[in-house]
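The values are calculated or read from the model by the stated rules, or taken from the named source; none is laboratory data. Note that the structure is predicted; figures quoted are calculated from it, not measured. Note that each Cβ is placed from the backbone with ideal geometry, even for glycine, and that neighbours are counted across all protein chains shown. Side chains are part of the model used for accessible areas, which takes the heavy atoms of the whole protein and leaves out ligands, DNA and RNA. Shrake-Rupley method; radii C 1.70, N 1.55, O 1.52, S 1.80 Å.
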Amino acid sequence: MLLSSELRERLAALPAVRGVTEKRIEYSPEFRDEVVRRYKEGDSPVRIFRDHGLEPREIGYKRVERCVARWCRPQRDDRAEAA
């Protein structure tokens, strides 16, 4: 899903967004942390993104789902695996 120039401009002005291109949205670390916290507390990903001005209909529901899945998955400790 390509993001229009108008949408990119609007997204770039949001505190939750660190950067945006036609294909990618880079979110601020603070936003990512809040998403993980609120999701673990039972809040819906769609509500969290909307609360920050990120409308899933515009950016894509799949993008929202993938972000939450990626940010909430357990972190691997590569050092432990190498031992």
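So here's what we get for this one:
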{"item": "Accessible area expressed per residue, the chain, with surrounding protein chains retained (probe 1.4 Å, Å²)", "result": "72 Å²"}
{"item": "Note, ³J(HN,Hα) from phi for segment 60-65, Karplus 6.51, -1.76, 1.60, rounded to Hz, x at Gly and Pro", "result": "x, 4, 5, 4, 4, 4"}
{"item": "Simple Cβ-charge dipole of segment 5-72, Lys/Arg +1 and Asp/Glu -1, about Cα centre, in debye nearest 20", "result": "260 debye"}
{"item": "Percent accessible area from carbon and sulfur atoms, segment 5-72, protein chains only, probe 1.4 Å", "result": "46 percent"}
{"item": "Integer Hz, Karplus 6.51/-1.76/1.60 couplings in order for segment 37-53, x for Gly and Pro", "result": "4, 5, 5, 5, 7, x, 6, 7, x, 4, 4, 4, 4, 4, 4, 9, x"}
{"item": "Helix-only [θ]222 nm of the chain, DSSP H runs n ≥ 4, -39500 (n - 2.57) each, per residue, nearest 500", "result": "-15500 deg cm²/dmol"}
{"item": "Over segment 5-72 - Rg/Rh using Cα atoms and the Kirkwood inverse-distance radius", "result": "0.93"}
{"item": "Placed amide H near Val20: partners under 5 Å, 5+ positions off or other chain", "result": "Glu26"}
{"item": "Label-point separation in nm, Arg38 to Ala13, each point 7 Å along Cα→Cβ", "result": "2.0 nm"}
